[in-house]
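Remarks on the structure that follows.
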Amino acid sequence: MTPYAPPLRDVRFVLEELLEHGSLSLPGFEEVGPDLVEAVLEEAGRLTGEVWAPLNAVGDRQGCRRREDGGVALPEGFADAYRAYAEGGWNGIGVAQAQGGQGLPEVVASAVQEMLHGANMALGLCPMLTAGAIEALARHGSEMQQATYLAPLVEGRWTGTMNLTEPQAGSDLSRVRTQAVPCPDEPGDHYRLRGQKIFITWGEHEAAENILHLVLARTPDAPEGNKGISLFLVPKFLVEADGSLGARNDVRCTGLEHKLGIHGSPTCSLSFGEREGAVGYLVGEAGRGLNHMFTMMNEARHKVGIQGIGVAERACQQARDYALERMQGRRHGEPCAIADHLDVKRMLLSMRARVDALRALALTGAAQMDRARHAAEADERAAAQARAEVLIPVIKAFATDQAVEIASLGVQVHGGMGYIEETGAAQLLRDARIAPIYEGTNGIQALDLAGRKLARDGGAALSSLLDEVAATAAALTARDALRPLGESLAGGVADLRSAMSVVLTAGADPQNGADAIQAFATPFSSLAGHVLCAWQLGRSALRAEAALAAGSDDDFYRAKLASADFGLRHWLPEGRARLAAIEAGMASLVSVDPASL
């Protein structure tokens, strides 16, 4: 596998030139300047490039092993690499100082997350889930829970998990059966949990001192359905009053899932309460477990999109380096590397344009999250929150779908060698394939966008965003050299507005609205992803042209222009075809009998 080069220059381009370090001007970040951000990114690059990345192939080959006692052995080097991450304070970079973190903007933490996953996706999953647990406890935990559990999580001494899925309850969490029984006769305000959870990422390991499981379960008197589900904190080791670790809790890893990829990540089946019952503590309000868990899930969904971008970046690097070295065929009568063949150039440019666009969109979403949390005015916070909530399902679904396509193109660039495991190209495709599935499948993300997010404000938040996209299209069109890019982007905006009108109108039909949302959600989400990514490429083109006009003789900016040109003139038209699919209606979907297929 090609060594991973952290994309520091590309990340700086987005933070400095597209976002103009806007998050640093918000209240609470007065002590954070561009020099500090630069130092953080440089150090993250060293950790990910030198410590984490060399273990990526090791984790894939060795995988994890469950011992007879229920413990899990990680791949060689994984525990030390995680500890290097925790001891360096990386787990708390995006956590508020009041909670023991470093208080850096979300946009900086997100940039670091991309490098973690690009270096080693299987290992990166551990702190990603812990970040979600920190957010959930910070928002919904009691004062005692925060005092007991937040600091070790922020420091990385303990890790967190999210326990939703059961054998009979996947996306439909209303079917959760795990029971939580109150124990009024026992000391301490706790419950005893009994049940089984599956697909629990980093559910058992020994890289950290303790694991805090956030578990969805039902109390005995809870009603059926979503309103009967509560959220509980179940530590692997119980915690004494002085903060020291006590007895092992009644939670056990009963098996490891045998997965297509991310072999270095222990994905566990967990059994709660095989003996006396697992001690758990209610988090937040009883019956509002799903609401509280969505705090963790929304954080995770944004990071899953970034995870896909990290893997796609590595696939892009791997394909480029191989294409430059692999001599095959001739061009203009002379022997050449495959990188000189126009079809290979097409694939490499397609990969690069998509990665550039996805990174910019994901960091734009993170910047909106910063504004929603820290802007001085309530109206500005509310507007940013609405925009972030529209962007997150697009970032999660579109970035991860594209990551699979990008990794697949990476295999194709390698030709037959890409199908051989030793090159590492196949691992990236296998690893990327899980991201469109977990934290809510991409179909669920599309339904969230087309159903919930559009319907609640009649599309106002997305329309406001499209006004900015249209302004970028106008700025491009006003420049002779960039006019074709502006015209393409303007066409994409018009298509997405038309699609939004169709979805809103059809979705409001009292008889067939639910079916219409189901039918149109995925093509609508894809169209939105293409247009919003093209917007980022248009912004990049404007910046790159300005830099070159100012006398910057830099191959970096010429590459950004090439990436934007390809993305807007070759890739966006593919996405615009989704409008035709929406306008075609849903008759074929409604009428077909799946048994006949």
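Rule-based calculations on the coordinates, nothing more; no lab input. Since the model is a prediction, treat every value here as computed from it, not as a measurement. We place every Cβ from the backbone using ideal geometry, glycine too, and count neighbours over all the protein chains shown.
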Checklist outcome for this item: Label model pair Lys227, Ala475: point-to-point distance (7 angstrom along the Cα→beta-carbon line) in nm is 4.8
Checklist outcome for this item: Using the Cα gyration tensor of the chain, the equivalent ellipsoid's semi-axes, largest first and to the nearest Å, work out to 39, 28, 25
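What FRET efficiency, computed as 1/(1 + (r/R0)^6) with R0 = 35 Å and r the Cβ-Cβ distance, is obtained for Ala514 and Glu487, rounded to the nearest 0.05? Kindly include the intermediate steps, with their values, before the conclusion.
Values: r = 37 Å, r/R0 = 1.06.
Efficiency for this residue pair is about 0.40.
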Next on the checklist: Please compare each pair in Lys236/Lys396; Lys345/Lys560; Lys259/Lys345; Lys259/Lys396; Lys227/Lys396; Lys453/Lys560 to a cut-off of 24 Å on the Cα-Cα distance and tell me which ones are over it.
Outcome noted: Lys236/Lys396; Lys259/Lys345; Lys227/Lys396; Lys453/Lys560
Next on the checklist: Could you compute how fast the stretch 213-285 diffuses translationally, taking Rh as the Kirkwood radius over C-alpha pairs and applying Stokes-Einstein at 37 °C with viscosity 0.692 mPa s? Give it in µm² per second.
Outcome noted: 230
Next on the checklist: Given points 7 Å out from each Cα along the Cα-Cβ axis, report the Leu260 to Glu405 separation in nanometres with one decimal.
Outcome noted: 1.7
Item to check | Residue exposure sequence - Cys64, Cys268 - by fewest surrounding Cβ within 10 Å | outcome: Cys64, Cys268
Checklist entry - Relative to the first principal axis of the alpha-carbon coordinates of the chain, what is the inclination of helix 289-325, with its axis defined by its Cα atoms, in degrees from 0 to 90 and to the nearest 10? => result 40
Item to check | Rounded FRET efficiency, nearest 0.05, which uses the C-beta distance separating Met417 from Arg139 and R0 of 51 Å | outcome: 0.60
Checklist entry - At Ala147 and Arg456, where each label point lies 7 Å from the Cα along Cα→Cβ, what is the point-to-point distance in nanometres? => result 3.4
Checklist entry - Per the helix-only calculation at 222 nm, which mean residue ellipticity applies to the chain, given -39500 (n - 2.57) for every DSSP H run of n ≥ 4 and division by its residues, nearest 500 deg cm²/dmol? => result -17000 deg cm²/dmol
Checklist entry - For the chain, with the dipole built from +1 on Lys and Arg beta-carbon atoms and -1 on Asp and Glu ones, taken about the Cα centre, which of Gly507, Ala315, Phe237 lies farthest toward the positive end? => result Gly507
Checklist entry - Which of the aspartates and glutamates could be linked to Lys303 by a straight reach, that is with a Cα gap under 12 Å, when you skip same-chain ones fewer than 8 residues away? => result Glu106, Glu114, Glu439
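Provide the three semi-axes, in whole Å and in decreasing order, of the ellipsoid equivalent to the stretch 442-591 as defined by the square roots of 5 times the Cα gyration tensor eigenvalues.
Details: eigenvalues 233, 38, 28 Å².
Here the semi-axes work out to 34, 14, 12 Å.
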Checklist outcome for this item: Once the dipole of the chain is set up from charges on Cβ (+1 Lys and Arg, -1 Asp and Glu), the residue from the list Ala516, Gly118, Leu137 lying farthest towards its positive end is Ala516
Checklist entry - log₁₀ I(q)/I(0) of the stretch 436-521 at q = 0.10, 0.20, 0.21 Å⁻¹, via Debye over equal Cα point scatterers, no solvent, to two decimals? => result -0.33, -0.90, -0.94
Checklist entry - When every alpha-carbon pair in the stretch 142-252 is counted, what percent end up more than 18 Å apart? => result 52
Item to check | Loop trypsin sites (Lys or Arg not before Pro), the stretch 37-142 (other Cβ atoms within 10 Å of the site Cβ: 13 or fewer; DSSP) | outcome: Arg67
Checklist entry - What residue among Ile306, Thr472, Ala562 has its Cα farthest toward the positive end of the dipole of the chain, where the charges are +1 on Lys, Arg and -1 on Asp, Glu, each on the Cβ? => result Ala562
Checklist entry - Mind checking the angle between helix 483-507 and the chain's longest principal axis? C-alpha axes, 0 to 90 degrees, to the nearest 10. => result 40
